[in-house]
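One structure is given here, and the rest of the page talks about it.
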Amino acid sequence: MNLKYANGKIIALATVVLAGLSLAAPGAQAGMRIHFGFPIGSFYAGGHHHHHHAHRYEYRRLQALRRARAIEAARRRQAAAEAAAARAERKRAAALAAAAAKRQAAAELAAAEQKKLEAAREAELAAVPLPERKPETPAGEALQTADATTAANSQPATETPAKLECKRYFANVGMTIRVPCSE
């Protein structure tokens, strides 16, 4: 049992010495991380806990170089996008101009066709002879002509008048049918 007790003391003493050395060391004051157990957790003992490249000149130079390359790449992408937009706008303008020219040519063609049709109509009208005018008759003769026309168009008294027909709706057929009128 003495051996167990002695081993426990040795382990406890070693732990205290290590903790004392780590807290007294210059690294602990510079921000060494100290790990305690579960209930307490861990924390930085000092303020020197940033990245280990912070004091290297080459690292800062590389950072500046990477930043400059990123800016240049962004400028190139922006210039390429602007050039593509300009090309697209030129293509659009060319297409609009071509469409306008095509519409203008179609309008001119339609106007030429219209002129040809009008010229053909004029030629047809010129080829047709105009009827000759009859001399005007006095008013008395016009009345006689009208009386003769009405007498010629009237029916003779010997003919029987046509039978009257009426329209009637039949619901079973769903139509209106002509039938003889009943008096």
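Just a few scattered comments:
- Net charge, residue 81 excluded, C-beta distance under 12 Å - Lys, Arg +1, Asp, Glu -1: +3
- Ranked by the mean number of other Cβ atoms within 10 Å per residue, highest first, peptides 11-21, 168-178 order as 11-21, 168-178.
- Taking a Cβ cut-off of under 14 Å around residue 111, the surrounding Lys, Arg, Asp and Glu residues balance to a net charge of 0, with basic ones at +1 and acidic ones at -1.
Laboratory data are not the source of any read-out in this text; all were calculated from the coordinates shown. Values in this document were obtained by computation on a predicted structure and should not be read as measured data. Neighbour counts run over all protein chains shown; Cβ positions are idealised from the backbone, glycine included.
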